[in-house]
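The values are calculated or read from the model by the stated rules, or taken from the named source; none is laboratory data. These figures come from a predicted structure and were not determined experimentally. So basically every Cβ, Gly included, is an ideal-geometry build from the backbone, and we count neighbours across all protein chains shown.
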Amino acid sequence: GTDFGINEALKTLGVKTINEGTSTGLTTFSNGDIIESYSPVDGQLIGKVKSTTKADYEKVMDAATTAFKSWRTMPAPQRGEIVRQFGDKLREKKEALGKLVSYEMGKSYQEGLGEVQEMIDICDFAVGLSRQLHGLTMHSERPGHRMYEQYHPLGVVGIISAFNFPVAVWAWNTALAWVCGDVCVWKPSEKVPLCGIACQNIAAEVFVENNLPEGISNLINGDYRVGEFMTKDSRIPLISATGSIRMGKIVAQEVAARLGKSLLELGGNNAIIATPDADIKMTVIGAVFGAVGTAGQRCTSTRRLIIHESIYDKVKSAIVDAYKQLRIGNPLDENNHVGPLIDKEAVEMYQNALEQVVKEGGHIIIEGGVLSGEGYESGCYVKPAIVEAKPDFKMVQHETFAPVLYFLKYSGAIENAIEIQNGVVQGLSSAIMTNNLREAERFLSVQGSDCGIANVNIGTSGAEIGGAFGGEKETGGGRESGSDAWKIYMRRQTNTINYTTELPLAQGIKFDL
Ligand code: NAD
């Protein structure tokens with residue numbers, strides 16, 4: 001059959017059959033075990049990556065700490081120029097990288113392209129930011145004194161990323177960290193190592209063309225044990241980790257034990273509230289895309305639909321109709337809506353969740369199941385399912401990283417829906433569908449959604465890079481991407497300068513000698 005241009009894409013991206021998984025930008029090496037990357041699309045082996053040993057890691061840290069010393073002295077707008085060139089390279093390689101993301105991770109080609117577009121957007125954002133890394137000036141209480149604050153580069157930033165956004169999460173972190181004067185060490189998910197190789201190759205071209213030293217962008221590969229090299233390493237002042245709550249709880253403690261900073265982007269359990277004043281058509285589109293897009297493997301995927309009893313049957317039948325039209329299959333084929341899950345382990349978790357929720361009293365209204373036969377050889381394709389459930393079911397409280405949508409019914413006022421929406425440990429994305437101003441404002445108010453993202457008449461899934469992205473509670477509290485998220489990549493210094501011949505003390509304290 002057709003390979004959908006995969007081999008061409010791999011060539012364009014410099015991805016080989018066997019790849020050195022450790023890179024300092026100019027040099028690649030690796031002495032660890034081989035990671036094999038199989039595509040969930042067709043079950044084929046795409047390529048191999050040699051993982052990073054402790055000794056390899058030490059070489060990376062030598063390069064990174066050395067590079068930081070010179071990179072931090074380059075004026076920020078010049079670092080912005082490097083990021084601008086990187087964004088241009090991404091534009092050139094957008095189709096190839098989007099295709100690899102789709103093939104290695106399993107999301108649709110459209111979404112693969114979208115992910116690369118996010119990388120390009122954050123580069124543009126970072127270029128502008130490189131001239132705006134400013135602090136405040138304050139009025140000193142002492143005469144003849146000036147007080148201000150400045151932001152300095154932080155150091156080596158460690159990035160640990162999840163499988164479901166194999167390239168964008170790295171760019172969100174690294175583009176900002178670079179203009180802030182930091183150097184980065186990235187450990188991609190061991191489920192999508194080739195995407196990491198491709199990104200590092202693109203960055204390396206920019207470093208070579210600009211005669212920059214090695215160590216500004218570094219890649220390491222392997223599972224959690226390689227991640228631990230970084231979390232335990234006090235040479236790394238900031239760890240930015242994206243993934244499960246389980247992982248975040250471990251990483252947070254490792255990093256806190258050495259009083260490092262962590263930026264955590266963990267799991268979500270996102271809900272859309274549909275009130276009596278909801279636009280039903282918009283609700284259906286928002287909920288269906290949110291639940292089945294990326295086969296339910298977005299941190300912002302819609303897991304719960306909280307529907308007012310007065311419109312429950314209407315919404316239910318419209319969504320059931322929409323689900324019947326979903327085409328499941330090869331995500332590189334643009335006619336399909338739903339691609340595969342990442343691997344068979346994910347398929348098992350999906351099956352298990354459906355079994356458990358039925359045991360708890362859940363009522364299945366759209367049956368799930370694993371697909372087999374032609375086109376489904378990888379064993380990773382599942383049917384999106386819908387279950388009528390109760391808010392406090394264990395499975396409803398838990399993030400199942402698959403296309404399972406729970407319908408929850410509420411009655412009475414909007415407060416009741418907000419209570420259900422907030423009644424989970426996660427706090428990433430939330431949405432309300434309503435044309436009622438009072439309900440919408442209530443949802444956004446201090447008594448409203450407790451999530452990092454709260455939308456009105458937009459689903460939960462996806463976000464623009466201009467805003468700060470992240471969530472509260474067990475989602476980890478981190479913010480990355482837009483707004484002032486850059487501040488975590490820098491250290492803040494308060495400076496007070498005395499230009500008199502006296503030495504007055506603060507708070508009027510007298511100290512006469
Ligand atoms: P995961 O937690 O299994 O792995 C994520 C990364 O952490 C991988 O690179 C892994 O090797 C590494 N890791 C795991 N244990 C570690 C440890 N003890 N020390 C250091 N590194 C460790 O997650 P996943 O299955 O790849 O991704 C899915 C999860 O990620 C979902 O829960 C999803 O909601 C979440 N996610 C969150 C966001 C967000 O921005 N909030 C974005 C994408 C994904």
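Quick one: in the range 453-464, of everything that is away from the ligand (no atom under 13 Å from the Cβ) and part of a loop (DSSP other than H, G, I, E, B), which residue is surrounded by the fewest Cβ atoms within 10 Å (Cβ to Cβ)? Steps first, answer last, please.
Of the range 453-464, the ones away from the ligand (no atom under 13 Å from the Cβ) are 454-459, 464.
Cutting the leftovers down to part of a loop (DSSP other than H, G, I, E, B) gives us 457-459, 464.
Values: Asn457: 15, Ile458: 17, Gly459: 24, Glu464: 10.
Taking the candidates together, the pick is Glu464.
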Pro213 meets each of (1) crowded, with 19+ Cβ neighbours inside 10 Å; (2) in a loop (DSSP other than H, G, I, E, B) with one exception, condition (1)
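On the given criteria, is Arg303 out of contact with any Leu (no Cβ under 6 Å at 6 or more places or on another chain) and in a loop (DSSP other than H, G, I, E, B)? Show your work before the answer.
Numbers: out of contact with any Leu (no Cβ under 6 Å at 6 or more places or on another chain): yes; in a loop (DSSP other than H, G, I, E, B): no.
Here the answer is no, as Arg303 does not meet what is asked.
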The condition of being over 20 Å from Ala203 (Cβ atoms) and either in a loop (DSSP other than H, G, I, E, B) or of a type in the set (Asp, Glu) (or both) holds, among Glu149, Glu118, Glu104, only for Glu149
The lone condition Ala203 fails out of (1) in a loop (DSSP other than H, G, I, E, B); (2) touching a residue at least 60 places away in the same chain (Cβ under 8 Å); (3) more than 8 Å from the ligand (Cβ to nearest atom) is (1)
So the strands (runs of 3 or more DSSP E) completely within the range 1-86 holding 1 or more residues that are crowded, with 18+ Cβ neighbours inside 10 Å and among the basic types (Lys, Arg) are 45-50
Among residues of the range 216-226 being crowded, with 24+ Cβ neighbours inside 10 Å and either part of a helix (DSSP H, G or I) or among the β-branched types (Val, Ile, Thr) (or both), the residue farthest from the ligand (Cβ to nearest atom) is Ile216
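Touching a residue at least 60 places away in the same chain (Cβ under 8 Å) and either touching a helix residue (DSSP H, G or I) at 6+ places or on another chain (Cβ under 9 Å) or small (Gly, Ala, Ser) (or both): which single residue out of Ser449, Ser445, Ser411 fits that description?
Details: Ser449 fails: touching a residue at least 60 places away in the same chain (Cβ under 8 Å); Ser445 fails: touching a residue at least 60 places away in the same chain (Cβ under 8 Å).
Going through Ser449, Ser445, Ser411 in turn, just one is touching a residue at least 60 places away in the same chain (Cβ under 8 Å) and either touching a helix residue (DSSP H, G or I) at 6+ places or on another chain (Cβ under 9 Å) or small (Gly, Ala, Ser) (or both): Ser411.
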Leu264 fails exactly one of (1) surrounded by fewer than 23 Cβ atoms within 10 Å (Cβ to Cβ); (2) more than 26 Å from Arg442 (Cα to Cα), namely (1)
Are any of the residues in the range 228-240 part of a helix (DSSP H, G or I), of a type outside the set (Val, Ile, Thr), more than 6 Å from the ligand (Cβ to nearest atom) and closer than 24 Å to Ser37 by Cα? yes
Checked pairs for the range 465-483, first surrounded by fewer than 20 Cβ atoms within 10 Å (Cβ to Cβ), second among the basic types (Lys, Arg) and assigned to a loop (DSSP other than H, G, I, E, B), C-beta under 6 Å and 6 or more apart or across chains, list as Ala468/Arg479
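Quick one: which of Ala271, Ala278, Ala291 is part of a loop (DSSP other than H, G, I, E, B), of a type in the set (A, V, I, L, M, F, W, C), modelled with pLDDT of 95 or more and buried (at least 24 other Cβ atoms within 10 Å of the Cβ)? I'd like the intermediate steps shown before the answer.
Working: Ala271 fails: part of a loop (DSSP other than H, G, I, E, B); Ala291 fails: part of a loop (DSSP other than H, G, I, E, B).
Every option except Ala278 fails the conditions.
I'm trying to understand the selection: among the residues of the range 407-447, which are assigned to a loop (DSSP other than H, G, I, E, B) and closer than 24 Å to Glu388 by Cα? So that I can check it myself, show each step before the final result.
Kept after step one, since they are assigned to a loop (DSSP other than H, G, I, E, B), are these residues of the range 407-447: 411-413, 423-425, 428, 434-436, 445-447.
Ser411, Gly412, Ala413, Gly423, Val424, Val425, Leu428, Thr434, listed by residue number.
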